[in-house]
Structures are given as structure tokens and as C-alpha cells.
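Data first, discussion second: the structure below is written as C-alpha cells.
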Amino acid sequence: KIAIVGGSTLYPLSELVAHSIATSVGPVQMLTGEFNNFRSELLESSTELDAFGPTLFIIIPDEKSCSYSGSLSDSKIEVQDEAEKLSEQLLQLCEAAHSRHRAEIILCNFLPSPFHDLGEFGSKSHASDWNFKRAVNMALVERSPNYVHVCDLEFLAYRLGALTSRDERSWFESKQAFSPPMQVAIAQEAAHIIASLKRTPKKVLVLDLDNTLWGGVVGDDGIEGIEIGDTSPRGEAFKAFQSYILSLIDRGILLAVCSKNDHEIAMEPFRVHPEMVLREEHFVSFKANWEPKAANLIEMAAELSLGLDSFIFVDDNPAEIEIVNQFAPDVTTILLSDDPAQYVRELQESRLFERSVITTEDSDRTKQYRQQAKRRQLESSVVDMDSYLESLEMVGTIRNFDRLDVPRISQLINKSNQFNLTTIRRTEAEVESLIGDPDCQAFTVRLTDRFGDHGLISIVICRTVGERVLEIDTWLMSCRVLKRQVEHEVLNEIVRRAKASGYDVIRGRYQPTAKNGMVRDLLPSLGFRTERSCEQGSEFELPVDEFENPRTFIAVSVDPIHHAKQRTHTRTATVNL
């Protein structure tokens, strides 16, 4: 349910938005606000809005109100102060709408004027229309809370053409703020933002080698004969493509190779060629063999404990792309053109690598998966599982939801499919609303071992049901830490909190999906008894006084700073061995 409000005539823009969203996301209900009445609609109680119950607002402010009221000769500080005040006023409108309706907000920013007016002085004056509107746009981005998503009209106009994005006659005749092509661009961008809130993000970029990362065939041409580097235009284009791919690691994208090649021959350029940007250590999986690529991708997904729908496969060969489409249809494929100068553009235009936020865990993800490979090597060398777990020297840290963790928590909630009891999705705004809720127990678990830091690996949300029952609303965990006894320590914490708050029973649910079959029997295996079971799901209960604390090899501590914020029990660091 989407309400679109703003300072201009919103038809036919609202129809374009509805069509774009329905095409890319699914069915949509739209409520269109009145002309230039968005402030009252957002600040005051509205019977129509309240009855409609929007889950998302699209706000398009009145562009005419975004102009500097002072002198063109005013200082940068004076102009910046007014820009921040205007941005704060808009964000207060967003806060009012969010508080009343618990809705996500898409806020459009402003179009700087593309017309000649002040000449050279316009670029020097902080108070010029161009510089002031850009200052307001930057202030909006810097100050926006998690539930506000900026639709960047400044960028869209730059991409489309600033002069093409406007139609002055339409403004005077019908109060249309944008040209028809610009309205289409806004509708498509709004739909993309909404889809990104719903869609599971891609996690792994799998690359072909020959004529993808370099020109030529390394098996035939040899390492000296491949094109890569600054000695030719094509070689320079391949090198630029590798540089872009390397930058994706900082966004949390894992890199892998899937190529029909001899393994040692395929690996050689990454190890010794001086012009290669990508190196062996940048990849979490490297499959160069003569097996079908679809089979390699399926095997790779199992090794990384990730779903195939989180994979992107890039190849220059249409036949290989078609085979992957047929035999591994969950994998998203990108067929490159025959011009390596366009490769970066083709990946960028796919829009598969965009992130609304990039966390520390994202930047460290490749390192975490390489550490995971070392753990698997250790696991294969020890005599028994207890010896293996003890040798890991694991330390778990539990802390209540914190605003600093909200982006990462929401990210995990919306992309975790396998170890996820209920697969309930939540936006950042919905996650933030749980902080401080007296009827909610919400905490995270981080895990480290002697090989490194796994980061935030488990999320639990429990809610009060009646006076004596605590229900597990959400319990998810990274598959990287399966069989590490983390689930036992998570339940230990749930029970400790239940006892401290006087609950008699802990209730759990399993809602089956196409991907979470691994947790079908999780709760019974932890001591819960089955109360109801059918195709739609199962319900379980655990009497608190019947729970026996299992022994683990995890040293558990509670973050004292964050723990103090909740009204529940206190707990000292414990080690169960």
C-alpha cells in the first residue's frame, strides 16, 4: 500500500509508479495525495490515509520551496545552515508519517536548475540555485534515518539530461514538475528502491576466465599471449574490468571462478602475471575443470552454504549462459558483449550489486570465507568432533539490538533463508522499532575463534504472548557456523531471559519454505515438544523448568553496555565446557 504525496500534480506520475511497481515487485494499492498538500497530509491526522494504512510513502517535495532566501554573496556557513534547516524540515515530515503509520519513506530530492543564469559566478557562489540545491540534497542523505530512502532526482536528471528532464510549459499549464521521460525515470527508480527492500541481495559473483577477465585463451595462447594490462586498448579494458570487480569485495560480494580449463593453467595468471589486478586470495572458490558449469555452480553453492539464488554468473559465451539457465535456473546470469570496454558498464547497469548500506561485515566477508576454509581443513584433521570444537577456542558475544547494528540485522533478516525458523522479513525501520520494546526480547550473537571473527551470525526476536508465555518470533543463523553448538547457546540465552522475566513456557514455530528444511526438526532436537504439526507449519513448547543447560565449547559473554539497556536479567560471563 503506497501513498504518493507532493508539491506538484501527481497524475500521471502515480499511474506510472503503480505500473512500474506492479511489474517489478507485485500487486500494489495506490493512494494519491492532493496538489501541494503534502505537509498537511503528513503532519495531520487524515481519515483517508488512516483508513488506507500505507506501508510506504513516496514524497515529492515542492521544488519552488527549495531556494536560498539570503544574498548571493553570503558565506558558505550561512548557506549551509539554511540547507540543513530545510533538510531537517523535510525529514521531520518523514518522521511524522513514519511515526503515525510505521511506513517506509521514499523521499525525492531536488533538481538543480540547468539553465544559464549567473555564468561563472554561479559556480563560485554557495547561494546559487545549483549549489544550494546540491547542498540540501547532500544534507538529506547525511541526516536520513534508516526508514528514509532517497530517490536521487539530481542523478536521474544528470543521466537523462537536465534540460530533457524539465518541461516549463507543463508546469504552468497543469503544475507538472517533470517532463514525461523524467516521470518514467522517477517511477522506475521508485520501483527499484521498493524491489531492493524486498529482494534477497546477491552474494557471489562467479566469473568465467578466457575472454572475460582477459583477452584470449590462456590454455592455447599461454600466459604471455593473453591480453591484460596497459599495453593495448583491449588489455586496458580487461584490467579496468578486473579493478571494478575487485571493488565489489568492499560491498560484501564474494568472488569465485567457474571456467572450463586446466586448473593449474587457469591459476597461473593470478599468481604470476604482473598486470593482473585480481589475485588468488581474492576468490573464495576456484573451479577450473572440464565439468559442466551448472554442476560446478551447484557444488560451489553447497560448499559455501549459500542458495543458488544468491549467485551471479558472468560469461562471454551464450551457450554456457544458456546451459546454466536451464540446469541452474536460480542463478542470475549476465552475458557479456564482445567489447570488453563495455564490461564494467554492463555489470553496473545490471544493478545487482547495489547496497543501501555497507557494513564492516560486508567488507570482511571474503576474509571470513577464507578463514572458513581453514576451519574445514582443521575439521578433517582432528580425531573427533569434541576435539575439533575445543581446538577452535570459540567466544560468543550476546547483546541486545542496538541502533548501530540495525542495518546489519535487517540485512541478515532479509537474506537468511536456510537456518530461519519463520522467515519473517523486516525493514530497518521495523527492526529499530523493536529496540526498547518492553514486550520484546531481541538480541544478536557474534562469534570469534582462533582463525578470526565470524561477525554477527545469529538473530533472535522473542515476544510476550499472554502473561507467562515467551514466543520465538524470529530465530535465524548463518550457515557458516552450523555444528558449532551456537544453537545450544542461543537457546540457553532464551531460557535465561525467560526465567529472569517470569515466563513459564517458551513457544516456538516452524513455518516451512522452499529453503528452510534444515531447521524442520531443530526445536524438537533441542527439547521442545510438538503441540501441532501440519503442512502449513508446526508449533512447539518448552516448559522453562524442564530445560537442562547443555554443555558447549563456547565461552559466552554478554556485552554489558548494551545489556544494561534492557529490563531483563543480568548475567556474568560463563564458560561451559
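The values are calculated or read from the model by the stated rules, or taken from the named source; none is laboratory data. For clarity, every value in this text was computed on a predicted model and none was experimentally measured. So basically every Cβ, Gly included, is an ideal-geometry build from the backbone, and we count neighbours across all protein chains shown. Keep in mind that these areas ignore ligands, DNA and RNA; they rest on the heavy atoms of the full protein, side chains included. Shrake-Rupley method; radii C 1.70, N 1.55, O 1.52, S 1.80 Å.
Values for this structure:
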{"item": "Extension gain, Glu44 back to Lys76 (0.36 nm per residue minus Cα-Cα distance, nm)", "result": "8.0 nm"}
{"item": "Coil-residue GluC sites (Glu not before Pro) of segment 480-522, DSSP, other Cβ within 10 Å capped at 14", "result": "none"}
{"item": "Å² per residue, accessible surface of segment 87-214 at 1.4 Å", "result": "45 Å²"}
{"item": "Net lengthening on full extension, Ser24/Asp559 (0.36 nm per residue, minus Cα-Cα)", "result": "188.4 nm"}
{"item": "Those chymotrypsin sites (Phe, Trp or Tyr not before Pro) in segment 248-354 that DSSP places in a loop and that have at most 16 other beta carbons within 10 Å", "result": "Trp290"}
{"item": "Residues of type lysines that Lys133 reaches as a straight line, Cα spacing below 18 Å, ignoring anything fewer than 8 places off in the same chain", "result": "Lys64, Lys76, Lys85, Lys124"}
{"item": "Label-point gap, in nm, between Gln92 and Ala302 - each point 7 angstrom along Cα→Cβ", "result": "6.0 nm"}
{"item": "By accessible area with a 1.4 Å probe, ligands and nucleic acids excluded, highest first: order of Val486, Val141", "result": "Val141, Val486"}
{"item": "Distance between modelled label sites at Thr513 and Leu248, nm, 7 Å Cα→Cβ extension", "result": "2.3 nm"}
{"item": "Two-site FRET efficiency, Leu118 against Leu163, from Cβ-Cβ distance with R₀ of 22 Å, rounded to 0.05", "result": "0.80"}
{"item": "Solvent-accessible surface ranking, highest first, for Glu236, Glu539 at 1.4 angstrom", "result": "Glu236, Glu539"}
{"item": "Exposure of Phe132 as accessible area (Å², to 10), given a probe of 1.4 Å and all protein chains", "result": "0 Å²"}
{"item": "Tyr244 accessible area, assembled protein chains, probe 1.4 Å, Å²", "result": "30 Å²"}
{"item": "Kyte-Doolittle at least -1.0, axis length at least 18 Å by Cα - qualifying DSSP helices, the chain", "result": "76-101, 129-143, 180-198, 233-247, 486-500"}
{"item": "Principal axes of segment 461-526: Cα extent on each, largest first, Å", "result": "34, 24, 18"}
{"item": "Value of [θ]222 nm, deg cm²/dmol, for the chain, DSSP H segments ≥ 4, -39500 (n - 2.57) each, nearest 500", "result": "-11500 deg cm²/dmol"}
{"item": "Around Ala51: net Lys/Arg minus Asp/Glu count, Cβ-Cβ under 15 Å", "result": "-2"}
